[in-house]
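First up is the structure itself, then whatever we jot down about it.
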Amino acid sequence: MIKESISTQLMRIVFLCYCLVAITVTAVHVFEEYRQTQINISKELISYQNIFGPVLGKSMWHLDRERIEDVMNAMNLVPVIKGVKINKVGEDNIFMAQGMVMNDHLETLLYQGDQVTVLGNQEDLFYYQFSVVYEYAGVGHELAEVTLYSNSSVVLDRVKTGFIFLAINSIIKGVALWIIFYWFSNKIILRPLSKLARTVKKINFNNMGE
């Protein structure tokens, strides 16, 4: 009875401590991984300025709407980009947009062709904005502001794979720790205690007073 009671209590305490430590470490790791992944995706958005900016500048200068739409379609094919918005310089209204974008009231709008749907604040969007500049006769002309949007689902898709491996790793470590502690407690603590209890039982305390 003593052996079972001590063993149960030790196992329960160790398991509880391990769970608290594992959950804390995992939560911190996942948060840091999410933050770093979002930073990396933001850097990816910045890199697309050099890819699409010059083409957009030339298309905007020549007012080639069809070409602008082709460039926007190409941008929306990039996995990390969930929406593209173009605002002409000096104009408040959205000139063109595709996918999920935000308006001046920070509401999320979904542009699908000619159809616009207000999603409210359902999507956790983050963005990168850059100016479209076209150089003509040695002078740079700022024509528009382009905003590239991404959202938390893109970040989570990248983080979840690492989280799965982290969870599996934690489970394996937990089982290993459980086995090691069970062996240690049984061999080092419980067996000697059990042996001591059996020895005490053999002592005849009634004869000790004689």
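The values are calculated or read from the model by the stated rules, or taken from the named source; none is laboratory data. Note that the structure is a prediction, hence the values are computed from the model and not measured. Counting neighbours? That spans all protein chains shown, and the Cβs are built from the backbone with ideal geometry, glycine included. Heads up: the accessible areas ignore ligands, DNA and RNA and are worked out on the full protein's heavy atoms, side chains in. Shrake-Rupley method; radii C 1.70, N 1.55, O 1.52, S 1.80 Å.
Overview of results
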read-out: Boolean, T117 is within 25 Å of G53 (Cβ to Cβ) and touching a strand residue (DSSP E or B) at 6+ places or on another chain (Cβ under 8 Å); value: no
read-out: Residue check for Q9: at pLDDT 75 or above and either open to solvent by 50 Å² or more (accessible area, probe 1.4 Å) or in a helix (DSSP H, G or I) (or both); value: no
read-out: Hits in the range 24-51 (condition: of a type in the set (F, W, Y) and in contact with a Leu (Cβ under 9 Å, 6 or more places away or on another chain)); value: Y34, Y48
read-out: Enumeration of residues in the range 40-53 that are open to solvent by 60 Å² or more (accessible area, probe 1.4 Å) and under 17 Å from V159 (Cα atoms); value: N40, K43
read-out: Every residue from the range 74-93 that is in contact (Cβ under 8 Å) with a residue 24 or more places away in the chain and open to solvent by less than 70 Å² (accessible area, probe 1.4 Å); value: M75, V78, V80, I81, G83, V84, K85, I86, N87, K88
read-out: Filtered residues of the range 42-64 (kept if free of Cβ contacts under 8 Å to residues at least 12 places away in the same chain and in a helix (DSSP H, G or I)); value: K43, S47, N50, I51, P54
read-out: Selection count, the range 14-24, where residues are modelled with pLDDT of 75 or more and open to solvent by 90 Å² or more (accessible area, probe 1.4 Å); value: 3
